[in-house]
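Asker: Here it is, the structure in full.
The values are calculated or read from the model by the stated rules, or taken from the named source; none is laboratory data. All values reported here derive from a predicted model rather than from experimental measurement. Methodologically, a virtual Cβ is constructed for each residue, glycine included, from the backbone with ideal geometry; neighbour enumeration extends over all protein chains shown. Side chains are part of the model used for accessible areas, which takes the heavy atoms of the whole protein and leaves out ligands, DNA and RNA. Shrake-Rupley method; radii C 1.70, N 1.55, O 1.52, S 1.80 Å.
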Amino acid sequence: MLSNKLLLTILCSCVLAACGGGDDTSSGTPVVTADVADKYVGTWAMCVPSGSSSYKITLTGSKLTAISISYTYSETIHGNGTCSGAGTPDYSEAGSILYQGTKTIGSDVVDKGEGTVSFENGVPITPRVEKDISLVSGTTLFFGDEDAGLDPDGYPNALFKTLGFRKQ
């Protein structure tokens, strides 16, 4: 078993090696190695049953910068309750999301995003800005519940945790 002093020395060495050592003019704020955009990159999907049919909703994010992604969103209708098979395209949009910091909802720290929708159903539109919150919990992505009201900055006050997108 390692002594506390030896363990502390090893831990400090690892921390210094990870940050590169040297001069640091920061105020002691922890260095975050992952960009906020990284957690939203990839393909996410959910199946929403609706009577004897279902909707498959797919969201794909690609990193633009440390704090922004481009995205595509699509909905397909399926003639079964499990989203299996090809489905019929129903709606799509594309745009970008710029992350504007965080806020706390209950015990969750969520990201605030300002999305700009630029295309609907493959057709360019006059860009429309929408504010939302998001949280990645394990392999599930949740968005805000606008029906719960908005804060003074226009972001939802609650997460919609009934349905979530699963990382594909």
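Asker: Could you list, in sequence order, the residues of segment 50-71 that are in contact with a helix residue (DSSP H, G or I) (Cβ under 8 Å, 6 or more places away or on another chain) and among the hydrophobic types (A, V, I, L, M, F, W, C)?
Answerer: Hits for segment 50-71 are 64, 66, 67, 69.
Asker: I'd like the full set of residues that are open to solvent by 40 Å² or more (accessible area, probe 1.4 Å) and within 20 Å of residue 165 (Cβ to Cβ), limited to segment 55-69.
Answerer: 55, 56, 60, 62, 63, 64
Asker: Only residues in segment 136-147 that are among the aliphatic types (A, V, I, L, M) count as the first member; pair them with residues that are open to solvent by 40 Å² or more (accessible area, probe 1.4 Å), Cβ under 9 angstrom, at least 6 apart or cross-chain, and list the lot.
Answerer: 136/39; 136/167; 141/39; 141/166; 141/167
Asker: Within segment 81-101, is there a residue that is open to solvent by 60 Å² or more (accessible area, probe 1.4 Å), of a type in the set (A, V, I, L, M), closer than 22 Å to residue 42 by Cα and without any contact (Cβ under 8 Å) to a residue 24 or more places away in the chain?
Answerer: yes
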